[in-house]
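The values are calculated or read from the model by the stated rules, or taken from the named source; none is laboratory data. Quick caveat: nothing in here was measured; it's all calculated off a predicted structure. Positions of Cβ are generated from backbone atoms using ideal geometry, with glycine treated the same way; all protein chains shown enter the neighbour counts.
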Amino acid sequence: MADCVFCDQLGKNSFKYVLMEDEYSIAILDEYPYRKGNCVVIPKRHMLSISEMTEEENASVFKMITEVSKALEQLFNAKKHFC
Ligand SMILES: [Zn+2]
């Protein structure tokens, strides 16, 4: 999708800091983080809504969210909160 910043960078393989990647999704370190360690996990297939995700994409994205969260919590000795 030409006007999607994520698809554009994914197509150019230009993410600077890839934390995890599999067939369905990719976890990256935000280049302009709101806070230290700010990450983004995105599906590799362009979509407009989370409701468009397949079961495999959904499992992949949430597995990466869980793994990256665990790593960041350990790295930054972070307090746990969800929202
Ligand atoms: Zn896209």
- Per-region count, segment 1-60, residues charged (D, E, K, R) and farther than 20 Å from L75 by Cα: 11
- Task: Scan segment 20-60 residue by residue and report those that are in contact with a helix residue (DSSP H, G or I) (Cβ under 9 Å, 6 or more places away or on another chain) and in a helix (DSSP H, G or I).
- Result: I50, N58
- Query: Out of (1) part of a loop (DSSP other than H, G, I, E, B); (2) out of contact with any strand residue (DSSP E or B) (no Cβ under 7 Å at 6 or more places or on another chain), the odd one out for K63 is which?
  - Reply: (1)
- Message: Just to be sure I understand the filter: pairs with C-beta atoms under 9 Å, separated by 6 or more residues or on different chains, first member in segment 1-23 and more than 19 Å from M64 (Cβ to Cβ), second member more than 16 Å from the ligand (Cβ to nearest atom). Which pairs pass?
- Response: none
- Out of all the residues in segment 1-17, which are within 9 Å of the ligand (Cβ to nearest atom) and either surrounded by 11 or more Cβ atoms within 10 Å (Cβ to Cβ) or aliphatic (A, V, I, L, M) (or both)? M1, C4, V5, F6, C7, D8, L10
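Just need a number here: residues in segment 36-61 that are more than 9 Å from the chain's Cα centre (by Cα) and either within 16 Å of the ligand (Cβ to nearest atom) or modelled with pLDDT of 95 or more (or both). If you could, list the steps in order and put the result at the bottom.
The first filter runs over segment 36-61 and keeps only residues more than 9 Å from the chain's Cα centre (by Cα), leaving 36-38, 44-60.
Checking the rest, the ones that are also either within 16 Å of the ligand (Cβ to nearest atom) or modelled with pLDDT of 95 or more (or both) come to 44-60.
Number satisfying all stated conditions: 17.
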- Query: Name the pairs whose Cβ atoms lie under 7 Å apart, with the first residue in segment 37-52 and within 16 Å of E23 (Cα to Cα), the second near the ligand (Cβ under 9 Å from one of its atoms), and 6 or more positions between them or separate chains?
  - Reply: I42/F6; K44/L10; H46/M1; H46/C4; H46/C7
- Item | Number of positions in segment 18-35 that are at pLDDT below 95 and either loosely packed, with under 11 Cβ neighbours inside 10 Å or within 9 Å of the ligand (Cβ to nearest atom) (or both) | 3
